[in-house]
Every structure is written in C-alpha cells, then in structure tokens.
Amino acid sequence: MSAATTRSRTARTARTPVPDRLCAEAVDLARAAAEEAAAPGVVGEHVGVVSEGDRVVTHYFESKEPGYRGWRWAVTVARASRAKNVTLDETVLLPGADALLAPEWVPWSERLRPGDMGPGDLLPTEAEDLRLEPGWSGEDEPPPNSVVSDELAELADAEDAELTDRPVAISRGSIASVAEELGTRRARVLSRYGLHEAADRWDEAFGPNTPMAQAAPARCVSCAFLIPMAGSLKQAFGVCANEFGPADGHVVSLAYGCGGHSEAAVMPKPVRPADHALDTMRVDEYALRPERGEGSVPSEADGPSEDLGHS
C-alpha cells in the first residue's frame, strides 16, 4: 500500500469517524430523552445516526409535532474513554432538509411600510440618514446652545424618555437664537436627495402617468382646489383641497388631474365637426317610368283620330 493511499484513508477517517458501537446502540436511551423533552406521542421513528466525534453520536427521530413538518428530534449521547456506560449529552429539535421553516428575519427598518405607524409609535432616524442634512451649524455648540440641553439629553438616554416641548435655553446672539428668530430652529432639514426621493414618490402616486390623470379634462395647475407649496417644490407640486377628489389632502403633481377639476363644468365643449354634405348611407328610389301626368308624352290620346283620306 502506498503512502498516498494511507494518508487519504487517514484524512477520510478523520473527517467522518466511525460511530461508536455502544453509543450507536443506545437508541432506547435517546428515544426516552426525546420523549421526555417533547410532548407525548410526537416522537416518531428512528431515522438515522451521525457520528459527531470520538464516542459522540447523535440519534435522529422523526417529529410528529403539528406545524413542524420535516423537523427531527436530535439526541446526542456520549461515552467516556474506556467506559461502558453511555450518557445523555443534549436533546434538541432541528430542521431537516425538507423542513418547513419561517421566512428569513428582516430588520424592522426594512419591514416598515407607509401607513404602519400608529398612535404612540416612534420612528427614529439614523444619524447618517441621506434624506436629512444639518439645518444650521450650531449643533456642535456645548449646552445650553446645543440642539438639546443637558437635562433633555439625559431624558433621551433613558428607556422611558418622553419628548417634550420645553424650550431649550439659548444665549442671546448665538447661532441657535438667530435661527430661532428666523423660524429655522430645526437641527436637520431635508437634503437634496430627500427632496428628490419624496418628489419621485409623490409623482408616482399622483402624477401625470396615472390612469386618473390620463382621463382628466384638465390639469391641477389650472384648478382652484390646488394649494401651492412653498420652497422649490412649488414649481412641480401642490396640495389638493377638493374633499370629493381622489387626492384630497395629498401632495399632487401640477400635471395631475381628475374629474373634480374646478372648471370642469364651465369648460367649452369640443367643436363638433360638420355633417357630411353627401349622405352615402341612404338609398334613393328611382321609378322606371314617369308618374301619370308627368313627362312630355301623354299617356292617352286626346280623342278619336280622323280619316285623312290617305290611300
């Protein structure tokens, strides 16, 4: 036997050790452990033995637990070196190759959908959220000129913190106080990326390519129910104020439209084309001979003809 063949068999044996005989025969011990951990009557047939290492073997039993199709009870037993007694290691329910598994876990930030938030829910935003950017440059100032005061920062760190509207003490003449007077007392505002993302979302919901806009008599830009927006978005969007319209209270594109346009009832009707001068759909009737009393030749003689004496 060559040295290469010997090394190959040695490596194969190290990867898949032969099951210990005493551990492999301890089926009754493994079944008793599985029945003790499971509910009565849910441990099925013995389906296999797998060697986990030297004198360590796992017995697999079919699971009849409702809702756990394809799962197996795994009972690991072991034996000490030169010992004849097999002892129990652990018992666990594991999925098999065709087991029915729950869907892969998805973080809450990826599961959240518009409309999922309810009263009392809080939706935190990440510090590096691409949709936001600093609203003013005073967020790095020490208290009391920072975004939050020391007291409010301590409350925010606690689990049971509640947001309050208490004013933050700021020094006169600081950047924060100037921003307060100008009405821009927000630590962060929408970034250009956030504006574009919102515009794309609104245009998809209430934009010119929707079926409602395609069938509308006119666009929202000429409707009296449109409330213009402020800022750069006013060039493309507004808010619908028609309570009977499908977009009432929603941001709509100026190119959107619906049947509730304010001028739909007074809009001039489209010009109707004139009728054809020649009617090709009507059949004209023509008599084969003229009616009595018509024509240049009388239908009857005026009287008896006289003999003109011709031979």
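For this structure, a couple of remarks:
- Derived scalar couplings between HN and Hα for the stretch 187-194 equal 5, 9, 10, 5, 7, 4, 5, x Hz in order, rounded to whole Hz, by the Karplus curve 6.51 cos²θ - 1.76 cosθ + 1.60 (θ = phi - 60°), x for Gly and Pro.
- Compactness ratio for the stretch 185-227: Cα radius of gyration over 2.2 N^0.38 Å (N = residue count) comes to 1.56.
- Once the C-beta distance of GLN235 and ARG272 is scaled by a Förster radius of 41 Å, the resulting FRET efficiency is 0.65 to the nearest 0.05.
- A cut-off of 5 Å between modelled amide H atoms, ignoring neighbours fewer than 5 places along the same chain, links ARG69 with LEU100.
- Packing-based order for 83-89, 32-38, 115-121, using average beta carbon neighbours within 10 Å, highest first: 32-38, 83-89, 115-121
- Estimated at the nearest 10 Å², the accessible area of PHE237 is 10 Å² with a 1.4 Å probe.
- Of all accessible heavy-atom area on the stretch 195-258, the percent that carbon and sulfur account for (1.4 Å): 59 percent
- Compactness of the stretch 197-250 as Cα Rg over 2.2 N^0.38 Å, two decimals: 1.08
- Extended-chain gain in nm, criterion 0.36 nm per residue less alpha-carbon gap, ASP116 and ALA37: 24.5 nm
The values are calculated or read from the model by the stated rules, or taken from the named source; none is laboratory data. Bear in mind that the values here come from a model prediction, so they are computed numbers and not experimental data. Positions of Cβ are backbone-derived with ideal geometry, glycine not excepted, and every protein chain shown enters the neighbour counts. These accessible areas exclude ligands, DNA and RNA; they are computed on the full protein's heavy atoms, side chains included. Shrake-Rupley method; radii C 1.70, N 1.55, O 1.52, S 1.80 Å.
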